[in-house]
Amino acid sequence: MSDTAASRNRWIINSKVDLSCFSLGWALIFFVPLALPALEENARFVAETFFIAHRYFTFPLVYLDRAEFGRRKLTYLITPTICIVGVWLCYFFRVHEPEMFIFWSFFNYFHFVKQKYGLLRIYSSKTGWGSKRLDELVVYGWGLAGVLHVLAFQGGVEGRLMFYLSSHPAWIYGMLLVVGAYWTIEELWGWTGVTKKPMIVATGIGFILVGGIVGTLAIDPIMGPTMVTATYTALIILTLVWLVHEFRSPHGANWPKILFTVGVAVMYGYGPVASTTAFLVATSFSHAFEYFAICGLSLQNKARSHAQDTPFLLLPARHIVLYTILVVLGMTVFHKGMDALSPYLFYVFIYSTSFMHFVYDGMIWRLRRPRVAAEVGA
């Protein structure tokens, strides 16, 4: 690849969209409430509105894409039933305080960080430069640093999440068990032979065991702050190593990629230090806007390259901004109506579609699949 081509193709979409949706968009929803506390509830409302609506972009990509639906037809048919029944049973037996909320919160955070890693790998593909291992360590490392800080310094944390985490180490192991099992099954399900299956299983088990020990130490009032300090120090050094590696690229520094990674480090590193509430709001907002942008790009490329498989997606692909606005507004009105009609049905619907979104995302966004890589420009 020539230097000119490498420079021209470094943005995933273009400079305006990348900076506003991937690299810097989260900063507005994070720093404004810090500077103006009176706007905190407004920021939370905006973030929750977009966050809840973003998952509905996934379902057309599954059910209105003939090739994708045909690839895992049975899974796409039975998953809604499993998720709805599972959430309903949780509320049926634990109406006032469903522990499912805690697992859902942990899944969300893991989901956020995983998406950041996927975007970083797309940036790496733009110039054909970047260490997969370094990219992985930097993104997941800063994600870990953020959650460790929240675990160690619980004073300003709101909601039920920390109540459970701090009440008994079994909660930490329980969540890690579910997330580790989910990751392992997902990797085995989409196995392509690149990594040996025993290695995938061993990694999942190691994640559960080591993660449980780390989480238990993090909630200890003495060990927690020490662990956070050590983690931040190690990650600063690791990020500098990553940066040196990026500047060694024969095409020159990939500044869109560097800006994105700096945003990841600041949001997950500085975010919980400044304000746990603002951090949680900003991460959910950032995730939604990233998803809108990458789904829009995928829709447009599907319409160009695979129109025969996606006839019902051609119109949204031509008017992606209008489509996004209509989805957000439509689902917001729908949610408000359902909540007014039956809060019970509202929560069952919200959580079940959320778990469906987790499962489907893990299935459709696989950069190792040539078609998916082409649709997101990787």
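Of the residues making up the range 34-54, those that are under 23 Å from the mean Cα position of the chain (by Cα) and surrounded by 14 or more Cβ atoms within 10 Å (Cβ to Cβ) are E40, A43, R44, V46, A47, E48, T49, F50, F51, I52, A53, H54. In this entry, G156 passes the filter for residues that are outside any helix (DSSP H, G or I), modelled with pLDDT under 85 and not basic (K, R). Of all residues in the range 122-136, those satisfying the criterion of being more than 16 Å from the chain's Cα centre (by Cα), in a helix (DSSP H, G or I) and not hydroxyl-bearing (S, T, Y) are K126, K132, R133, L134. Please verify whether Y268 is crowded, with 17+ Cβ neighbours inside 10 Å, assigned to a helix (DSSP H, G or I), in contact with a Pro (Cβ under 7 Å, 6 or more places away or on another chain) and hydroxyl-bearing (S, T, Y), treating the condition exactly as stated. The answer is no for Y268. Scoring L119 on the criteria (1) under 22 Å from the mean Cα position of the chain (by Cα); (2) surrounded by fewer than 18 Cβ atoms within 10 Å (Cβ to Cβ) leaves a single failure, condition (2). Counting only helices (runs of 4 or more DSSP H) that sit completely within the range 1-91, those holding 2 or more residues that are at pLDDT below 90 and not aromatic (F, W, Y) correspond to 3-8, 25-35, 40-54, 66-71. Restricting the first member to the range 245-259 and to residues that are in contact (Cβ under 8 Å) with a residue 40 or more places away in the chain, and the second to residues that are charged (D, E, K, R) and outside any helix (DSSP H, G or I), the beta-carbon pairs closer than 8 Å and six or more apart or on different chains are N254/R10; W255/R10; P256/R10; K257/R10. Residues in the range 293-312: is at least one within 19 Å of V147 (Cβ to Cβ), touching a residue at least 24 places away in the same chain (Cβ under 8 Å), in a helix (DSSP H, G or I) and touching a Ser or Thr at 6+ places or on another chain (Cβ under 9 Å)? No, that holds for no residue.
Against the test of being assigned to a helix (DSSP H, G or I) and surrounded by 19 or more Cβ atoms within 10 Å (Cβ to Cβ), the options D361, D339 yield a single qualifying residue, D361.
The C-beta contact set for the range 37-54 (first residue within 10 Å of A288 (Cβ to Cβ) and free of Cβ contacts under 8 Å to residues at least 24 places away in the same chain, second residue of a type outside the set (S, T, Y) and outside any helix (DSSP H, G or I), distance under 6 angstrom, 6+ apart or interchain) is empty.
The values are calculated or read from the model by the stated rules, or taken from the named source; none is laboratory data. Computed from a prediction, not measured in an experiment: that's the story for all the values here. Heads up, the Cβs are rebuilt from the backbone with ideal geometry, glycines too, and the neighbour counts pull from every protein chain shown.
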